[in-house]
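These notes are about the structure you will find just below.
The values are calculated or read from the model by the stated rules, or taken from the named source; none is laboratory data. Everything quoted here is computed from the prediction, not taken from an experiment. Note: ideal-geometry Cβ built from the backbone for every residue, glycine included; neighbour counts use all protein chains shown.
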Amino acid sequence: MIQLNQIYLLLLLVTMLPGCSTIGYYSQAVSGHLSLMLASQPVDNLLTAPTTDDELKRKLTIARDARHFAERRLALPAGEAFTDYSELERPWVVVNLVAAPEFSLTPQQWCYPVIGCQAYRGYFSLEDARKEQRQFDRRDFDTFIGAVAAYSTLGWFDDPLHSGFTSLSDDRMVALMFHELAHQVIYVDEDTAFNESFATAVELEGLRLWLEERGEGDQFTAALQRLSQRNQTLALVEHTSLELEALYGREELPVERMRARKEQIFTELIDRYNEMASEWDQPGPFGNAIETLNNANIALFRQYNQFVPGFRQLLKEQDYRFDAFFDEVRALSELDREQRTLTLSALSQRFDEDL
């Protein structure tokens, strides 16, 4: 259950912040998270309550087992996370706003107390997100708003399980739990690519071991298919990014010509992606078929997937001993950004899915 000291911390984060717009943003974040925590019930109580739906009981049982597995086999610091459950009135818990300048692939950075800087901003209200999106649109930024099934408070609070998790398939629910718990292990300020690639690697390898222990290893095929789709998409995005970066570097070009060429490059990316996606058995990273993409879409996608092979290789080299892997990642996190990137790129080159 929520503790008074947690409420005081939430309120303190707001009162110490300057600026009306800043206070407004943090007020919605605090009230949203506080509402989520106050609306939660202990999972153990729901599992024994006769009024709990049978399917929800099944999901909560799997989640409870996955949480124990995360501590026992993956060395993840579960603590009291996911011991409470909250039913949401929508399929997402927050929406994230991402913004990038019209001629840049570097996303806007927002910095926060406790969790540092990130390339996105989360809202519990879709209208609040759209309101800030309009401000960026007026400045000719590329923007998009994406629904998020879960988020982590990095261990500052006991994050509850909620219907954003349980509405997913069993394997994706478990993978998401591992992903969010991984953020409590290591979190590097202002390096979304490092943080999210690390959590995605833990999610993927954790799911593989979970399914193998349950005698359901064949189900990992679906996860590998999703990974393959993500990698194919990343290859397309990286190719497009090189073209865009070359274009954006040509400062002598008139703005209208740059806009026209930019539109052409994105049209080619969309066509290539839709052609690939038409042959997939499940939706890809951008969905089944897309009509629009922009700088903000691909800038964030690159950051979430860039170093996953490198982290998976590092874990493989530790013989899948997660405690040793985490020590190596902590040492890596202490390097400067350039050295981290070089090291992870070299690890990625050694990674082979079939070895």
Would you check which residues across the stretch 179-208 are aliphatic (A, V, I, L, M) and touching a residue at least 60 places away in the same chain (Cβ under 8 Å) and list them?
181, 182, 185, 186, 188, 193, 201, 202, 204
Just one of 105, 97, 154 is more than 30 Å from residue 265 (Cβ to Cβ) and outside the structural domain of residue 303 (by TED's automatic domain parsing); which is it?
154
Looking at 293, 335, 314, which is the one that is under 22 Å from residue 236 (Cα atoms) and either modelled with pLDDT of 95 or more or in a loop (DSSP other than H, G, I, E, B) (or both)?
293
Hey, can you tell me all the residues within the stretch 209-239 that are in contact (Cβ under 8 Å) with a residue 12 or more places away in the chain and of a type in the set (Ser, Thr, Tyr)?
233
Would you kindly identify the helices (runs of 4 or more DSSP H) lying entirely within the stretch 1-67 that contain at least 3 residues that are modelled with pLDDT under 90 and either under 19 Å from residue 165 (Cα atoms) or touching an Asp or Glu at 6+ places or on another chain (Cβ under 8 Å) (or both)?
20-38
Looking at the stretch 294-327 only, could you name the residues that are of a type outside the set (A, V, I, L, M, F, W, C), buried (at least 18 other Cβ atoms within 10 Å of the Cβ) and more than 30 Å from residue 101 (Cα to Cα)?
312, 313
Does the stretch 67-77 contain at least one residue that is over 30 Å from residue 262 (Cβ atoms) and in contact with a Gly (Cβ under 6 Å, 6 or more places away or on another chain)?
yes
Does the stretch 235-259 hold any residues that are basic (Lys, Arg) and either assigned to a helix (DSSP H, G or I) or surrounded by 12 or more Cβ atoms within 10 Å (Cβ to Cβ) (or both), and which are they?
257, 259
I'm trying to understand the selection: among the residues of the stretch 121-165, which are assigned to a loop (DSSP other than H, G, I, E, B) and either closer than 30 Å to residue 256 by Cβ or modelled with pLDDT under 80 (or both)?
138, 139, 140, 141, 151, 152, 153, 154, 155, 156, 157, 158
Since residue 287 meets every condition but one in (1) farther than 22 Å from residue 199 by Cα; (2) surrounded by fewer than 12 Cβ atoms within 10 Å (Cβ to Cβ), which condition does it not meet?
(1)
Unique match (being part of a helix (DSSP H, G or I), at pLDDT 95 or above and charged (D, E, K, R)) among 272, 302
272
